[in-house]
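Below: one structure, written as structure tokens.
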Amino acid sequence: MSILFKSKQERAREDRRTQRQAFRQAEKAIDDVKDRVKQMAKDSKKQWDQAREAAKGGEKAAAQRLLIGYRANQVLMTKLEQKRWVFEQYFTKLQAAQTDQQFTTALAAINKVVNIDPEKVTDVFEASQDLLGEQVDTDRFWAKLYDKETEGASGALEDHIPSLEDLSRQLESEAGAEIGGSAQKAGTELDARVKSGQERVKNLLEGK
């Protein structure tokens, strides 16, 4: 009997270890995407600076290629942010679901030390499950409404990124600006526009 009991303990420890590893892997995946977006933002800034220098030198074709790469980076960053946000929602829900296991273990321990009526507990939990089942149906209804409201959200979110034409005009403005304050101001205006678009994307994702 002692060997069997020890085997159960070992299995329980392995299960907990596997769960911890799975959640750590999910957290790492989220952090990796955040780091990738940060790196892409740096690369985008470099592309923009290179495009401006090319425009100053009259290399229009090179400037346009860099500009296309810059905007493609912005679009990809937005899509990555969307995926990260969706993944985080599921991750958070699974973290909450893990609580069910903890409650189950706690209840099992309580059952060993408290004198209770099993039939009454069963009745209470069955009633609760019926109510929760109705809540699941309600949640499913709200989810359908949410999906309907967010149809085509990907395109809508990308619309908050300045168009290639807007970026071209901004690039020409910076390239033609005088060295010093005016050039710095032009760059600041672009950064403000991109940041504003990113904030609107974030607010859309978070339902603000």
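The values are calculated or read from the model by the stated rules, or taken from the named source; none is laboratory data. On a predicted model such as this, the values are computed, not experimentally measured, just so you know. Quick reminder, even Gly has a Cβ in these numbers, built from the backbone with ideal geometry, and neighbours come from all protein chains shown.
Can we say TRP85 is part of a helix (DSSP H, G or I), within 22 Å of SER173 (Cβ to Cβ) and of a type in the set (Phe, Trp, Tyr)?
Answer is no for this residue.
Okay, residues lined up against (1) closer than 30 Å to ALA175 by Cβ; (2) over 21 Å from the mean Cα position of the chain (by Cα):
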| position | (1), (2) |
| --- | --- |
| ASP15 | no, yes |
| GLN19 | no, yes |
| ALA22 | no, no |
| ALA51 | yes, yes |
| ALA55 | yes, yes |
| ALA62 | yes, yes |
| GLY69 | yes, yes |
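Got a sec? Which of LYS83, LYS112, LYS93 is more than 28 Å from the chain's Cα centre (by Cα), exposed (fewer than 12 other Cβ atoms within 10 Å of the Cβ) and modelled with pLDDT of 75 or more?
Working: LYS83 fails: more than 28 Å from the chain's Cα centre (by Cα); LYS93 fails: more than 28 Å from the chain's Cα centre (by Cα).
Answer to the check: LYS112.
Is it fair to say ASP32 is exposed (fewer than 15 other Cβ atoms within 10 Å of the Cβ), within 28 Å of the chain's Cα centre (by Cα) and of a type outside the set (Ser, Thr, Tyr)?
Yes, satisfied.
Every residue in segment 33-90 that is of a type in the set (Phe, Trp, Tyr) and free of Cβ contacts under 8 Å to residues at least 12 places away in the same chain, please.
TYR90
For segment 138-171, which positions are modelled with pLDDT of 80 or more, of a type in the set (Asp, Glu) and surrounded by 10 or more Cβ atoms within 10 Å (Cβ to Cβ)?
ASP166
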